[in-house]
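Undergrad: Before anything else, here's the structure in question.
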Number of protein chains: 2
Amino acid sequence: MSAAEPKPVSMFDVAKRAGVSHQTVSRVINDAPMVAAATRAKVKAAISELGYRPNRSARTLAGGAVRSVTVFTFDTSLYGTAETLRGIEDAASAAGFTVLISVLDPEQTYTEGEILGRLSHDGAPAIVIAHDETTTQARRILRKAQPGAVVATGDDKLRDEPGAADWLVPLDDRLVAKRATRYLLSMGHRTVHYLAMPGKARRQDGWSEALLEAGIEPPEVIPSGWTIGSAATAAADLVADPEATAIMCGNDDLAFGVLHAAHHAGRSIPGDLSVIGFDDCPMAAYHIPGLTTVDLDFRGVGRSAFELLRHKLEGGPEPRTSWRSPELIVRETSGPARPRS
Amino acid sequence: MSAAEPKPVSMFDVAKRAGVSHQTVSRVINDAPMVAAATRAKVKAAISELGYRPNRSARTLAGGAVRSVTVFTFDTSLYGTAETLRGIEDAASAAGFTVLISVLDPEQTYTEGEILGRLSHDGAPAIVIAHDETTTQARRILRKAQPGAVVATGDDKLRDEPGAADWLVPLDDRLVAKRATRYLLSMGHRTVHYLAMPGKARRQDGWSEALLEAGIEPPEVIPSGWTIGSAATAAADLVADPEATAIMCGNDDLAFGVLHAAHHAGRSIPGDLSVIGFDDCPMAAYHIPGLTTVDLDFRGVGRSAFELLRHKLEGGPEPRTSWRSPELIVRETSGPARPRS
DNA sequence: ATGAAAGCGCTAACAT
DNA sequence: ATGTTAGCGCTTTCAT
């Protein structure tokens with residue numbers, strides 16, 4: 001079938017070549033102290049001459065420090081998750097960690113065994129990108145089974161759970177959502193509608209708080225799926241209603257769907273209708289008209305999640321939070337409410 | 001620091017509980033024949049009572065069939081790669097494989113050791129999503145080191161390499177690119193410009209072939225980066241030129257960039273300028289105007305890549321190709337050339 | 001149909 | 001500063 005592949009070179013091969021014990025080789029590759037400079041050099045030479053590469057399975061099995069993270073997520077092709085994953089990957093590979101990914105189907109319910117069975121071994125470090133029911137459930141299972149080796153990102157009221165600060169990298173969008181809603185209100189809109197992604201996000205709370213504080217009863221939330229198309233469908237009735245002048249959307253994709261629906265309903269943007277999104281995906285700035293949205297630093301969140309995990313694993317100084325805080329970016333899909341006729 | 005976590009249950013624990021040897025447990029979890037039904041049942045019961053889960057590192061180390069794939073790719077947040085990854089993930093997890101991902105920085109050059117060192121162990125199965133120089137290089141290194149355990153997806157003339165059919169899942173976009181170019185020509189455009197992603201893609205060949213066959217000397221290719229913004233910048237001069245009436249773009253994102261630039265240059269679409277992309281990302285259909293593009297089944301390609309890899313690993317019947325062939329989808333950004341004044 | 005023995009490549013604990 | 005001895009949890013091969 002396939003060409004015979006040569007037997008990989010092991011630590012013993014290197015040891016023999018360098019004239020030392022395999023243990024010394026181990027010390028060298030792990031940067032342990034207590035190795036004479038000359039010995040270290042000899043070993044390193046042997047390593048590169050032989051092209052030796054440590055076997056990670058053996059390392060893990062032997063109980064060394066684990067150098068891998070399993071990321072649980074629900075859709076790697078969504079902008080937010082893709083960027084978060086990217087941030088995790090950046091930080092992880094810089095630290096010499098391998099990243100495994102485990103995609104969970106939102107339509108499915110997983111047993112404890114199914115979730116834990118996706119880890120390479122019991123207790124393997126994990127990061128959960130929790131933005132829906134299924135991943136939130138996975139987070140609970142993992143946190144219960146191995147609290148010392150799991151962190152999560154997410155915004156779905158995770159903070160309300162006890163001790164969340166120890167394991168959560170929150171994308172704090174509640175406040176910006178509130179600010180964004182107030183901005184819309186300040187432009188003369190009598191109310192702001194909210195088109196929601198599946199699950200209840202914190203940004204929705206910000207929206208209703210702002211409304212309530214302005215003495216406005218929040219209108220019913222419009223539920224949408226995750227796709228542009230589902231948003232277009234979900235918003236069809238709303239955009240046809242001339243009373244609706246401002247819509248806040250769960251993310252940029254949904255906003256694009258709403259914009260599409262509004263276009264087909266013959267409403268002009270932002271004259272008849274203001275629309276704002278969340279994420280500031282690259283398309284937001286290049287859409288015509290430019291999408292008013294909230295800049296969310298998913299990549300920074302991913303990086304921070306990894307740093308936090310590593311801190312839990314290896315100790316050391318508390319990592320400082322290092323992601324940009326969310327910020328409203330006003331472009332061209334939002335503006336003053338048209339004076340009522 | 002963290003709560004003490006209980007020692008995981010091993011195969012021996014299960015064996016003791018079921019009153020058999022650990023070997024019999026191994027047979028049961030591997031669905032080996034030669035186990036009495038009653039014994040099998042007893043063992044399964046013990047497994048679920050104890051919540052036993054096999055340790056993958058130990059399995060790998062002991063030389064069992066490898067049940068993981070490492071995916072090498074260059075940017076998980078691009079639509080094409082994200083979808084391909086998703087397809088691999090779907091197929092892999094259905095087959096009980098773990099997927100590891102290794103992101104390569106396009107700006108960087110990697111040594112053989114660096115690439116091979118990202119594998120969990122020598123000879124670990126890998127899939128390379130090769131769309132640029134760096135990943136193509138990784139592909140070469142991996143194919144040389146372990147030809148029996150590497151497949152690749154990609155379109156960058158990979159087919160010209162010897163024996164490519166055995167390890168390549170090609171995204172054959174040369175022909176559609178040709179068809180798309182002919183379509184544009186048939187609409188009366190005197191030539192078609194091409195805005196290229198980094199690296200030379202097969203679709204570019206299709207474009208030039210169509211032009212040549214029509215007796216037209218292909219205009220100079222406009223090089224662009226991978227981002228919408230870079231495309232907008234790269235196309236700025238071209239869209240300002242009234243002689244340019246049709247532009248084909250390396251992918252949808254670039255097309256959006258061109259559309260943005262055209263808008264700012266005051267050119268109307270498709271009246272003054274026809275623009276077409278590649279990918280048919282979800283936004284394409286919802287962009288206003290709808291983007292004419294080529295539907296590429298990245299997810300199917302990813303699935304097929306996994307199936308091909310599995311075939312190489314485990315033998316069995318040749319997997320049949322199972323992705324949709326690319327198809328031109330005409331929407332609203334393309335149309336007849338405006339009659340010359 | 002089941003069990004026993006050996007060993008995968010490494011790290012840890014204990015020598016020296 | 002270096003070497004020796006035990007395993008980690010599993011699959012293989014060979015017995016029975």
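Undergrad: Picking from A:Asp205, A:Asp241, which residue would you name as being touching a Lys or Arg at 6+ places or on another chain (Cβ under 6 Å) and surrounded by fewer than 21 Cβ atoms within 10 Å (Cβ to Cβ)?
TA: Just one listed residue meets the conditions, A:Asp205.
Undergrad: So A:Phe298 clears everything in (1) within 22 Å of A:Asp90 (Cβ to Cβ); (2) facing another protein chain (nearest Cβ under 9 Å) except one condition, right? Which one?
TA: (2)
Undergrad: Using the structure shown, decide if A:Arg53 is of a type in the set (D, E, K, R), within 9 Å of DNA strand D (Cβ to nearest atom) and not assigned by TED's automatic domain parsing to the domain that holds A:Val99.
TA: Considered against the rule, which asks whether it is of a type in the set (D, E, K, R), within 9 Å of DNA strand D (Cβ to nearest atom) and not assigned by TED's automatic domain parsing to the domain that holds A:Val99, A:Arg53 comes out as no.
Undergrad: Yes or no: B:Arg27 within 10 Å of DNA strand D (Cβ to nearest atom) and either touching a Phe, Trp or Tyr at 6+ places or on another chain (Cβ under 8 Å) or within 30 Å of A:Val71 (Cβ to Cβ) (or both)?
TA: The answer is no for B:Arg27.
Undergrad: While we're on this one: If you check B:Ser230 against the conditions, is it surrounded by 24 or more Cβ atoms within 10 Å (Cβ to Cβ), under 18 Å from B:His131 (Cβ atoms) and of a type outside the set (A, V, I, L, M)?
TA: No.
Undergrad: Moving on. In the stretch A:117-132, which residues are in a loop (DSSP other than H, G, I, E, B) and small (Gly, Ala, Ser)?
TA: A:Gly117, A:Ser120, A:Gly123, A:Ala124
Undergrad: For the stretch A:136-153, which residues satisfy the criterion of being away from chain B (no Cβ under 13 Å) and either closer than 19 Å to A:Asp166 by Cβ or of a type in the set (A, V, I, L, M) (or both)?
TA: Residues satisfying the conditions are A:Thr136, A:Ala138, A:Arg139, A:Arg140, A:Ala152, A:Thr153.
Undergrad: Does A:Lys44 satisfy the condition of being more than 30 Å from A:Gly123 (Cβ to Cβ), surrounded by fewer than 17 Cβ atoms within 10 Å (Cβ to Cβ) and within 12 Å of DNA strand C (Cβ to nearest atom)?
TA: Spelling it out, it is not the case that A:Lys44 is more than 30 Å from A:Gly123 (Cβ to Cβ), surrounded by fewer than 17 Cβ atoms within 10 Å (Cβ to Cβ) and within 12 Å of DNA strand C (Cβ to nearest atom).
Undergrad: Can I ask one more? Among the listed residues B:Ala94, B:Ala46, identify the single one that is more than 16 Å from DNA strand D (Cβ to nearest atom) and over 24 Å from A:Gly80 (Cα atoms).
TA: Only one candidate passes the filter, namely B:Ala94.
Undergrad: Checking B:Ser26 against (1) within 30 Å of B:Asp252 (Cβ to Cβ); (2) surrounded by 18 or more Cβ atoms within 10 Å (Cβ to Cβ), which single condition isn't satisfied?
TA: (1)
Undergrad: Given the conditions (1) in contact with a Gly (Cβ under 7 Å, 6 or more places away or on another chain); (2) within 8 Å of another protein chain (Cβ to nearest Cβ); (3) at pLDDT below 90, and given that A:Glu133 satisfies all but one, which numbered condition is not satisfied?
TA: Unmet condition: (2).
Undergrad: In the stretch A:117-129, what residues are more than 18 Å from A:Ala92 (Cβ to Cβ) and either crowded, with 20+ Cβ neighbours inside 10 Å or touching a residue at least 24 places away in the same chain (Cβ under 8 Å) (or both)?
TA: The answer is A:Asp122, and nothing else.
Undergrad: Condition first: out of contact with any strand residue (DSSP E or B) (no Cβ under 7 Å at 6 or more places or on another chain) and charged (D, E, K, R). Now tell me which residues in the stretch A:175-212 satisfy that.
TA: Matches in the stretch A:175-212: A:Lys178, A:Arg182, A:Arg190, A:Lys200, A:Arg202, A:Arg203, A:Asp205, A:Glu209.
Undergrad: Please specify each residue of the stretch A:204-229 satisfying the condition of being farther than 21 Å from A:Asp173 by Cβ and within 14 Å of chain B (Cβ to nearest Cβ).
TA: A:Gly229
Undergrad: Can you tell me which residue among A:Glu89, A:Glu107 is at pLDDT 90 or above and either outside the structural domain of A:Ala32 (by TED's automatic domain parsing) or of a type in the set (Phe, Trp, Tyr) (or both)?
TA: Just a single option satisfies the conditions, and that option is A:Glu89.
Undergrad: Can you tell which of A:Gly154, A:Gly163 is at pLDDT below 90 and surrounded by 19 or more Cβ atoms within 10 Å (Cβ to Cβ)?
TA: A:Gly154
Undergrad: Here is a further query. Tell me, which helices (runs of 4 or more DSSP H) wholly within the stretch B:8-114 include 1 or more residues that are at the interface with chain A (Cβ under 9 Å from one of its Cβ atoms) and under 36 Å from the mean Cα position of the chain (by Cα)?
TA: B:56-61, B:79-94
Undergrad: Collect the residues in the stretch B:80-116 that are crowded, with 23+ Cβ neighbours inside 10 Å and either on the phi > 0 side of the Ramachandran plot or among the hydroxyl-bearing types (Ser, Thr, Tyr) (or both), keeping them in residue-number order.
TA: B:Thr81, B:Thr84
Undergrad: Is it the case, given these coordinates, that A:Ser68 is more than 7 Å from DNA strand C (Cβ to nearest atom), closer than 30 Å to A:Thr136 by Cβ and in contact (Cβ under 8 Å) with a residue 12 or more places away in the chain?
TA: Spelling it out, A:Ser68 is indeed more than 7 Å from DNA strand C (Cβ to nearest atom), closer than 30 Å to A:Thr136 by Cβ and in contact (Cβ under 8 Å) with a residue 12 or more places away in the chain.
Condition check ((1) within 13 Å of A:Met248 (Cβ to Cβ); (2) touching a helix residue (DSSP H, G or I) at 6+ places or on another chain (Cβ under 9 Å)) across all residues:
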site	(1), (2)
A:Arg182	yes, yes
A:Gly188	no, no
A:Tyr194	yes, yes
A:Lys200	no, no
A:Arg203	yes, yes
A:Trp207	yes, yes
A:Ala214	no, yes
A:Glu217	no, yes
A:Ile222	yes, yes
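Undergrad: Evaluate the stretch A:311-323: report whether one residue or more is within 26 Å of A:Tyr194 (Cβ to Cβ) and either surrounded by 18 or more Cβ atoms within 10 Å (Cβ to Cβ) or over 14 Å from the mean Cα position of the chain (by Cα) (or both).
TA: Scanning the stretch A:311-323, I find at least one residue that is within 26 Å of A:Tyr194 (Cβ to Cβ) and either surrounded by 18 or more Cβ atoms within 10 Å (Cβ to Cβ) or over 14 Å from the mean Cα position of the chain (by Cα) (or both), so the answer is yes.
The values are calculated or read from the model by the stated rules, or taken from the named source; none is laboratory data. Because the structure is predicted, anything quoted here is derived from the model rather than measured. Every residue, glycine among them, receives a Cβ derived from its backbone with ideal geometry; neighbour counts consider all protein chains shown.
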